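Shown next, in C-alpha cells, is the structure this report addresses.
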Amino acid sequence: MHFANIKGAYSFEVNKKANKTQIKNAVERIYNVKVQKVRTANRKGKYRRKGRSYGMTPSWKKAVVFLDPDYHIDLF
C-alpha cells in the first residue's frame, strides 16, 4: 500500500528556505485541504562522476505533509 493511502501523507520538493508554516499554508491554499502536520528533511546532494571530473547534484528540501482523515489529494 502507498503511504498516502494509509496515513494520508504526501511528499513534496519545496524551496530550501521554506519553513513548516509556509509549506502548510501553501498546500492548504493550492489543494483546498486541511493539513495536520508537516515533516521536513534537508537532503544533501550526492557526488557524481562523469569521466575524470567530479560534480555534485544539488541539495534539496523534502516535505511530507499529513492531511486530516476527511481530505485527500487527487493526483491522477
> In the range 20-56, what count of residues is obtained for those that are under 25 Å from LEU75 (Cβ atoms) and not in a strand (DSSP E or B)?
Replying inline: 15
> Could you count how many residues in the range 12-60 are hydroxyl-bearing (Ser, Thr, Tyr) and over 30 Å from ASP70 (Cβ atoms)?
Replying inline: 5
> Is it the case that the range 34-43 has a residue that's loosely packed, with under 10 Cβ neighbours inside 10 Å, more than 13 Å from the chain's Cα centre (by Cα) and not hydroxyl-bearing (Ser, Thr, Tyr)?
Replying inline: no
> Checking HIS72 against (1) at pLDDT below 95; (2) assigned to a helix (DSSP H, G or I); (3) surrounded by 13 or more Cβ atoms within 10 Å (Cβ to Cβ), which single condition isn't satisfied?
Replying inline: (2)
>> All but one of (1) farther than 17 Å from ILE6 by Cα; (2) modelled with pLDDT of 95 or more; (3) over 14 Å from the mean Cα position of the chain (by Cα) hold for GLY51; state the number of the condition that does not hold.
In response: (2)
>> Looking for something exposed (fewer than 14 other Cβ atoms within 10 Å of the Cβ), modelled with pLDDT under 95 and of a type in the set (S, T, N, Q) - is there at least one such residue anywhere in the range 11-19?
In response: yes
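The values are calculated or read from the model by the stated rules, or taken from the named source; none is laboratory data. Note that this is a predicted model, so its numbers are computed, not measured. With ideal geometry, Cβ positions are generated from the backbone for all residues, glycine too; neighbour counts draw on all protein chains shown.
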